[in-house]
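Q: Structure in structure tokens, see below.
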Amino acid sequence: MRPTLAARTCLVVGASITIAAVQAAGLEDLPKRKPGLWEMSMVSAEGKQGQMTSRVCIDAATDAALTRFGLGMMNQMCSKRDIRVSGNVATIDMVCKIGESQQTSHSTITYTGNNAYRIDVRAHFEPPFLGKSDSTMTQAARWTGACPADMKPGDLVMGNGMRINLKDMAAAKP
């Protein structure tokens, strides 16, 4: 069963918010993403969703806006936020309310300088969210160079061609 477009969008945006939330927690020792075009590949360990690849154009202002947005979302939705850093690895344990479900998650973000990172997330939902009680997801992201002329900072282009602007989304009132 392939996830709906809304569910896939939620996964990509959620991973971006996880990175922003870690940065928002004041973890200055971790690398900031290098400005430019980032390619992100996401896959569910359950193997039912297939790999989803997207591209996002990032600059310092976009990262700052996403950081503020991530912190705001985390403060609104999460009753537990435990973020620890050891070297180039951030470990995050959170309990958050998503719709009618409570999500308990454990995430590890491993940075390779400022041009690559990997996120591994294990989550449990009670009651199930989008029909799932447990989920395991991995996202690998790498900097690929300058943003192309047809993308502005914050533009996220998913594998199906759908385009949203994360910076505009973060600036929008809920």
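Just so you know, all these numbers are worked out from the coordinates, no wet-lab data involved. Given the structure is predicted, the values throughout are model-derived calculations rather than measurements. Here the Cβ positions follow ideal geometry from the backbone for every residue, glycine too, while neighbour counts run over all protein chains shown.
Q: Once the other residues with Cβ under 15 Å from the Cβ of LYS152 are scored (Lys, Arg +1; Asp, Glu -1), what is the net sum? Write out the running numbers ahead of the final one.
A: Working: positive: ARG55, ARG163, LYS167; negative: ASP59, ASP63, ASP150, ASP155, ASP168.
Spelling it out: positives minus negatives among the neighbours equals -2.
Q: Using the 10 angstrom Cβ neighbour count as an exposure proxy, how do VAL157, VAL95 rank, fewest first? It would help to have the intermediate numbers written out before the result.
A: Values: VAL157 18, VAL95 15.
Ranked by crowding around the Cβ, least crowded first: VAL95, VAL157.
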